[in-house]
1. Pick from region A:97-114 the residues that are polar (S, T, N, Q) and closer than 21 Å to A:R35 by Cα: which of them is surrounded by the most Cβ atoms within 10 Å (Cβ to Cβ)?
2. Considering only residues of region F:45-76 that are within 14 Å of chain E (Cβ to nearest Cβ) and of a type in the set (K, R), which is farthest from C:A120 (Cα to Cα)?
3. What number of residues within region C:86-99 are touching a Pro at 6+ places or on another chain (Cβ under 7 Å) and either at pLDDT 95 or above or more than 10 Å from chain D (Cβ to nearest Cβ) (or both)?
4. Looking at B:R133, B:R139 in this structure, which one is surrounded by fewer than 20 Cβ atoms within 10 Å (Cβ to Cβ), touching a residue at least 24 places away in the same chain (Cβ under 8 Å), farther than 30 Å from D:A132 by Cβ and more than 10 Å from chain A (Cβ to nearest Cβ)?
5. Can you tell me which residue is surrounded by the fewest Cβ atoms within 10 Å (Cβ to Cβ) among those in region E:24-48 that are aliphatic (A, V, I, L, M) and closer than 15 Å to E:R66 by Cα?
6. Within the bounds of region F:121-128, is there any residue that is aromatic (F, W, Y), under 15 Å from the mean Cα position of the chain (by Cα) and at pLDDT 95 or above?
7. What's the total number of residues in region E:82-109 that are of a type in the set (K, R) and without any contact (Cβ under 8 Å) to a residue 12 or more places away in the chain?
8. When the residues of region C:8-44 are filtered to those that are part of a loop (DSSP other than H, G, I, E, B) and within 11 Å of chain B (Cβ to nearest Cβ), which remaining residue is modelled with the highest pLDDT?
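The values are calculated or read from the model by the stated rules, or taken from the named source; none is laboratory data. Please read all numbers here as calculations on a predicted model, not as lab measurements. Cβ atoms come from the backbone with ideal geometry, glycine included; neighbour counts cover every protein chain shown.
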Protein chains: 6
Amino acid sequence: MADETRPGDGFLSRDDTGDERLARGKAQLARITGRSGEEVMAALADVAPDFARYIFEFGYGDIYSRPGLDLRTRLLATVAGLVCLGHAQRELEVHIGSALNCGASRQEVIETIMQMALYAGFPAALDALFVARKVFAAREEAGTPPAQG
Amino acid sequence: MADETRPGDGFLSRDDTGDERLARGKAQLARITGRSGEEVMAALADVAPDFARYIFEFGYGDIYSRPGLDLRTRLLATVAGLVCLGHAQRELEVHIGSALNCGASRQEVIETIMQMALYAGFPAALDALFVARKVFAAREEAGTPPAQG
Amino acid sequence: MADETRPGDGFLSRDDTGDERLARGKAQLARITGRSGEEVMAALADVAPDFARYIFEFGYGDIYSRPGLDLRTRLLATVAGLVCLGHAQRELEVHIGSALNCGASRQEVIETIMQMALYAGFPAALDALFVARKVFAAREEAGTPPAQG
Amino acid sequence: MADETRPGDGFLSRDDTGDERLARGKAQLARITGRSGEEVMAALADVAPDFARYIFEFGYGDIYSRPGLDLRTRLLATVAGLVCLGHAQRELEVHIGSALNCGASRQEVIETIMQMALYAGFPAALDALFVARKVFAAREEAGTPPAQG
Amino acid sequence: MADETRPGDGFLSRDDTGDERLARGKAQLARITGRSGEEVMAALADVAPDFARYIFEFGYGDIYSRPGLDLRTRLLATVAGLVCLGHAQRELEVHIGSALNCGASRQEVIETIMQMALYAGFPAALDALFVARKVFAAREEAGTPPAQG
Amino acid sequence: MADETRPGDGFLSRDDTGDERLARGKAQLARITGRSGEEVMAALADVAPDFARYIFEFGYGDIYSRPGLDLRTRLLATVAGLVCLGHAQRELEVHIGSALNCGASRQEVIETIMQMALYAGFPAALDALFVARKVFAAREEAGTPPAQG
C-alpha cells in the first residue's frame, strides 16, 4: 500500500542542501498537484519569494517526501484537515485535485468530506462538497478521466 | 483496499428504522473503537441520552457504515481532521486508537499528524503527537501489539 | 414559549424509517427556511446525494424537530454559533432568514450578532452584520414584512 | 418576553462616565452570573486590572445591558457561540450557569448544545454536554433548584 | 520605542463620558487606519449603528489608545492575530495598511505573516501574503511611499 | 530596532545542509526560549524524532533566524497569534517566556494579549492573561528579573 515508503530509519538524508531539498520538493509538488508550482512562485515573487521556497522545501521536499504513508492516504488526510480548518477553500480546491492525482477516487474524496461533517459540522462539509463538485466539473471539461470512480 | 465497501448505489437501505440504525451503529462503533459505547451512554444518560443515540445512529450507523472508503483511511482522515480542529484532545485519543484498530500502523498515524503541521500549524500537531504517544504507551502497557508498525 | 414541544419523554419515535425521517425533515426545513430544499438536493445530486438526505433527516428531521426548545430560540442560537465559526457566511445568510421566519425580530438578530463580538471578536461579528444587512435588504426588495421589528 | 428591553432608540445614554458603566456592568454581571465578579478582579489584579474593567464595562455594562433581546435568549445564544468556539470550556461553565439563572431550563441548555453538533461537530457538542452535566451536578449538590426543567 | 505611551498608572481616565471615548476613538482610528471611519458608520447605520460606536469607543478609544505598547508593534500583533483567525480577510486588508501607517515596513509585515505559518499553517499565511500583495499594489498605484522598506 | 537583521537579499544561504540548519535552529531556540530544546527532543524521541528536527530546522533555523524583523516583535506577534488560535495554551506559556527573553516587557505582553480580545474574543484573551500570570509568577519565584517592566 505504501509503495513510496523507503527502507531506512525514517530519516531523510540530513546532508541535503537547501537546493537539493528545493529540487526534490519541486518534483514532488509536480507529481502530486500536476502543476509546476511556477504560478505560486510568480505570485509570491514580489512580496515573499522565500515563502514559495518553504512550500517547496519543507512542504513538499520534507513532509510530502517522507516514507511511511502512501500518497493517496496523505492527500485524503489533507482534504479532511482542510475541511476542518474551514477557511481554506483555495487550498481545498488544489488538494482535492491532488488526491485524485494520487489515486483516490472521486467517491473516496466525497466520503472523506462527508465524514468530516461529524467533526467540523455540516456547513464546512457542505462548502467542501461544492468545491469538489467544481474540481470534478473542471476535470470533465478538460477531459481528465476520473481516477477510479 | 476497500474491503468493507458494498455493491449497490451508494445508498444504505432507507427502510431502516431507528432501532436498526442504532444496532448497526453500536456494532460498527465496537468494531472501530474496540469499546462498547456503554461508557458514552452512561455518561450522557442523565443529561442527553438522545445524543448518545445520535452518535451511534448517525455517526456510526450512517457515516462510518458507508461503503466507498476503507476504514483505515476513514480513521486516518478523522485523525487529520481532529488535529486541525485543535481543541478535540479526548476525541483524538479515541480515534488514534480506532485508527490502529482499523489497520493503520503507528507510523501511519504519526505521519498523518506530522503532515497536519503544514495546515494547522506546529502547536496543534505537537499536541497531537503527545496524545499519540500516550495512546501507544497505554497499548504497550496493556500488551496490545502494534497493528503493523 | 416552546409551543412546538411535544409531550413525552424527549425521544422521538424510534420506529421511524429513513423515509419517514426524510419526510419530516423536508417539512421542517420548509417551515424553517421557507425553501423546499430542492436547490440543495439539486446542487448535491451529482456528487453527494446522500449528504442532502442527511441534512434533511438528521439536521431537520431529528435535531430541528426535537421538542424542548422553541424554534425562535433555536434559530438565534444557530446564528450565534455560525458567527463564532467565522467561516460560514452562506449558512449565516440562510439562517438569519430562518430566524426571521421563526419569529425573531430583525433587532433580535442584530443583538445576537453584536453580542458575539464578545466571544468571537469584532471581525466575525462585523462580517455577520453585513450578511444580516444583505438579508434584510433582500426581504425589503421582495416585500417581506419584518417579523416583529 | 423581552421584559428588560427599554423604550427608546436602542442607544444607551452616551453621557455615562466609565464609572457609571462600571457600576451598571457589575450589577448586570451579578444578576446574570450570580457572582460578584470579585474573583475575576482579584485574579487579574496583578497583571491586567483594566481587563476586568473592560469585562464589566463593555461586556456587561454595554452589551449585556442592551435592550432588544431578553436575557434568557442572550445566554442561550452565548452557550451556542461558546460551543462553536470549541476552546472556551471555563467560559462555557460560567455561562451555562448564567443561562439557568436567566430563566433557561436545563433541557433548553441541552437542546442548544446538541443542536450545535450540526454546526461545530460532535466533539465540541459532546465536550459541552459534559460541562453542562458538571454544572447541573454542582447545582444539585448546592441545592439550587433547576429553573424550569 | 513606545513613544505614544503616557505617564500614569496604566489606566485611562475613568471620568470619560461615552462621547469623549467616541471622539478619542475616532481620532485614533483615523491616525491608525488613515480613514475617517465614516464608511463603517454608513455601512452599519441601518442595521447596527451602536456597533460602529463600539468599534470607535472600545476598539480605538479604549484598546488602541492604551499606553504600554507602541502602535507599530500593536498593528503587527494584530496582523499576526488575524492571520491565525483565518477567516478575517477584509480586516487583514485594513490592518496591513494600518501597520504600514504606523511605521512598520513592508518587509516587517511580510515577516510577521510568514512566521504565522508555524502556528496557523501554510494556507492561512499564504492567503494573508496575497492580501498583503494587494495592499502594497494599491499603495503603489496611489503613490503612497512604502514606510521604510 | 531590528538589530539582528543581516545585510543581504533576504535569503539565507541555500547551501546549508540539514545539519547546519539544525545547529542554527538549536542555537536560536536556546537564545529565544532559554531552553536547550532537549526536553522536546526527549519527548518526541519515541514517536516522532523528525518532528523535533523540523521544529529546530524549519521553525528556528529558517523562520526565527530570518532577518527583517526584530525578535521582540516576532515574539509578541507569536503571542498574538497563539491567543487567536485559542487552543495553544502550552505553546503560549513557552512563548510568553520567550517574548520576555527577547526584550518585551511584561506590560507589553499584557497589552498584546488584551488587544486580541478585539479579534479573538474575551475568553481567549482572558485564558491567555491567566497563562501570562502563571509565567510571571514562575519567574518571580525563580528570581528572574522582569525584562523592562
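1. Among those residues, the one meeting the criterion is A:S98.
2. For region F:45-76, the residue satisfying everything is F:R66.
3. 1
4. The conditions single out B:R139.
5. E:A27
6. Checked region F:121-128: no residue is aromatic (F, W, Y), under 15 Å from the mean Cα position of the chain (by Cα) and at pLDDT 95 or above.
7. Of the residues in that region, 1 qualify.
8. Result: C:D16.
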